[in-house]
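A short reminder: the numbers here are calculations on the coordinates, not readings from a lab. What you see is a predicted model; the values in this text were computed from it and never measured. All Cβ positions, even for glycine, are placed from backbone atoms using ideal geometry, and neighbour counts span all protein chains on display.
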Amino acid sequence: MIRDITIGQYFPGTSVIHKLDPRMKIILTVLNIASLFLCRNFFSLLLMLAISVVWVLLSRISFKTILKGLKMILVILLFTAFLQIFYNDGGTVLWHPVESWDFKITTEGVFSAIFIAVRIVALILLSTLLTYTTSPTLLTDAIERLLSPLKVFHIKVHSLAMMMTIALRFIPTLIEEIDIIMSAQKARGADLETGSLMQRAKALVPILVPLFVNSFRRAYELAFAMEARCYGGDGKRTRLRVMKLQGRDFAMLAIALVCLAAAIVTSVVDMGGFFLFEKVI
Amino acid sequence: MAFLEVKNIGYSYSKGTPFEIVALHDCSFSVEKGEYVGVIGHTGSGKSTLMQMLNALVKPDSGTVMLDGKDINADKETARDTRFRVGLCFQYPEYQLFEETVRKDIAYGPTNMKLSAEEIEQRVQESAQIVGLPPELLDKSPFDLSGGEKRRAAIAGVMAMKPEVLILDEPAAGLDPIGRKVIMDMIEKYRLATGATVLLVSHSMETVAAVADRILVLNKGGIAMDGTVDEVFSRSDELIAMGLDVPAVTRIAVRLKEKGLPVDPCVYSVPQAVSMLLKLIGKKEGTA
Ligand SMILES: Nc1ncnc2c1ncn2[C@@H]1O[C@H](COP(=O)(O)OP(=O)(O)OP(=O)(O)O)[C@@H](O)[C@H]1O
Ligand SMILES: [Mg+2]
């Protein structure tokens, strides 16, 4: 059902990953993703995959939950990997059905397909773990602090962060509401599953209209409630939460930097023909 | 065989995740044609979930729901057909209005039933009349109506399908006593006009006791009691223990009984309370 969507969900916990400074967690995620994209060989890719798996283990979130999140992108994953097979035609030919066609499968094609698939999986693991282990309020708070240097350019960092907090806060509410409206219209005989594409698009109207109307109503109510409590984003505000970097934050940063260095060095320096270090992409 | 028969149904939300919640377990009951059944229970006791199972919106994990001797979840057609025979009006139905005019919104259900244009128009008129929506409102946008009028339009939308079983999930939520009375009168009108079976979900025992023939009490996902209004209220102390909001007069009767006075706690309306108190005083005077 629609409620099984877990993107942006937060799983409360007390693991090391949960306790990391959220600012550092964002930086680490960015660094790790950068390393992933700089990977050129299986050695650094496997290193990054190992790091992602260690992160998941440390977070004590069950693999089952994580795999469920992956299920959503399985189609995209397979499709990308499939295309990649034909994108690269170096190496030995494995399958070449019609001699005159340029259509063939080669070892390098297969390797790069595997490479891309693993890279996407690691990417999803790392980025979902950030939201799985950080509450939305902490996350936006951290983003606000990280972006605060931009205030120099008169960018309203605080307002941006508040908008993000509110948007994140209302994702589950919206999902719940879509579920209820869908049920209610189905109870009046709405048919969402059969018919031509046009008919199905039309069948969405009874769901989208109440959804928008209710969202606007809620937005007004929220705005009035905030104004009634004299909310103002511009004034000097003090903070409830103090964020302080600790030993574990620096330890994780060191690991992430080593990985980044490994990814760069192994792709630039010639490691002497050893398979794991051969350039795949 | 009863008209509507629910056998051993169970249901969990988010099955197979760390958030799994058992909403219902091993619920069985049956409803005869034309009965007026009140369904009460504490917040989260599973009332709404149970009601969505009776019109095949939610498929039970275990157990069966039979309507007229047929399993409503047998196949897709039966399930869809059941939605027209068992009309379900959700909590706060006014948030589900969507059409340009009230008339079109009420006609949404009948249109999905593929009825003829004349038949649809006739049903719209009839149900608007039952809920007391004046004809001049039918051509207004539903978003321009008052809150109470929106609620009526939404209920009319369900009644227009002329369901044999009408289920209303807290139809009077958030209304004042007069508004509540108006809704109850609407349901009564529909019942008289069509002879339909009615299931009314409510937090308010007082409302249910006044209209229903029978009461189902849900507690923590199971059926805790199933009986006539008198049978259920004779166990008022248990109702209070379940955290249900029993009428003030019932509370008084239970407290009197706790004090050791010879009182029947099956009291749920003011006239009953008066006669109970009179009996009590009379007896005391007699013994004194
Ligand atoms: N869509 C859902 N996803 C997960 N859990 C749900 C969902 N809907 C209901 N629940 C849970 O199932 C249980 C039963 O809920 P249900 O809505 O049936 O209760 P209810 O008796 O109608 O309560 P109320 O009187 O507040 O309307 C509750 O514990 C609730 O938290
Ligand atoms: Mg409910």
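Across peptide A:186-199, what mean number of C-beta atoms from other chains lies inside 10 Å of a residue's C-beta?
Mean inter-chain Cβ contacts per residue within 10 Å come to 5.
Add -39500 (n - 2.57) for each DSSP H run of 4 or more in chain B, then divide by its residues: what number comes out at 222 nm, to the nearest 500 deg cm²/dmol?
Helices in chain B give a 222 nm mean residue ellipticity of -13000 deg cm²/dmol.
Estimate the FRET efficiency between A:Ile178 and B:Glu231 by the formula 1/(1 + (r/R0)^6), using the beta-carbon distance for r and 60 Å for R0, to the nearest 0.05.
Details: r = 41 Å, r/R0 = 0.68.
Plugging the Cβ-Cβ distance into 1/(1 + (r/R0)^6) gives 0.90.
Excluding residues fewer than 8 places away in the same chain, name every one of the lysines whose C-alpha is closer than 16 Å to that of A:Lys19.
A:Lys244
Which aspartates and glutamates, on any chain, are close to B:Lys59 with Cα under 17 Å apart, when same-chain ones fewer than 8 places away are left out?
A:Asp4, A:Asp179, A:Asp191, A:Glu193, B:Glu5, B:Glu20, B:Asp26, B:Asp71, B:Asp75, B:Glu77, B:Asp81
Relative contact order for chain A: what percent, with Cα pairs under 8 Å and sequence separation of 6 or more? Let's see the in-between values first.
On the way: 266 pairs, mean separation 93.2, N = 281.
Once divided by the residue count of chain A, the mean separation gives 33 percent.
Work out the length of the dipole vector of segment B:4-229 about its Cα centre, built from +1 on the beta-carbon of each Lys and Arg and -1 on the beta-carbon of each Asp and Glu, and round it to the nearest 20 debye.
That gives a dipole near 260 debye.
Rounded, prolate or oblate: which one fits segment B:36-159, using the alpha carbon gyration tensor with axes a ≥ b ≥ c (rounded when a/c is under 1.5, else prolate when a/b beats b/c, else oblate)?
oblate
Do any of B:Lys33/B:Lys104; B:Lys33/B:Lys189; A:Lys64/B:Lys76; B:Lys114/B:Lys140 go past 21 Å between their Cα atoms, and which?
Over 21 Å apart, Cα to Cα: B:Lys33/B:Lys104; A:Lys64/B:Lys76; B:Lys114/B:Lys140.
On a 0 to 90° scale, report how tilted helix A:42-59 is relative to the longest principal axis of chain A, with both axes built from alpha carbons and the result rounded to the nearest 10.
30 degrees
May I ask which of A:Lys202/B:Lys15; B:Lys7/B:Lys257; B:Lys162/B:Lys220; B:Lys15/B:Lys47; B:Lys220/B:Lys279 have a Cα-Cα span longer than 27 Å here?
A:Lys202/B:Lys15; B:Lys7/B:Lys257; B:Lys162/B:Lys220; B:Lys220/B:Lys279, as the Cα separations exceed 27 Å there.
Against the longest alpha carbon principal axis of chain A, how many degrees, from 0 to 90 and to the nearest 10, is the axis of helix A:74-87 turned?
It is inclined by approximately 30 degrees.
Shape call for the protein assembly as shown from the C-alpha gyration tensor, a ≥ b ≥ c root eigenvalues: rounded (a/c under 1.5), prolate (a/b greater than b/c) or oblate?
The shape class here is prolate.
Just tell me, in residue order, which DSSP H segments of chain B are both 24 angstrom or longer along the helix axis (alpha-carbon based) and at least -0.5 in mean Kyte-Doolittle hydropathy.
What comes out of the filter, once short or polar helices are dropped, is B:177-194, B:270-287.
In Å, what Kirkwood hydrodynamic radius results for chain B from the alpha-carbon pair distances?
One over the average 1/r among Cα pairs gives 20.4 Å for chain B.
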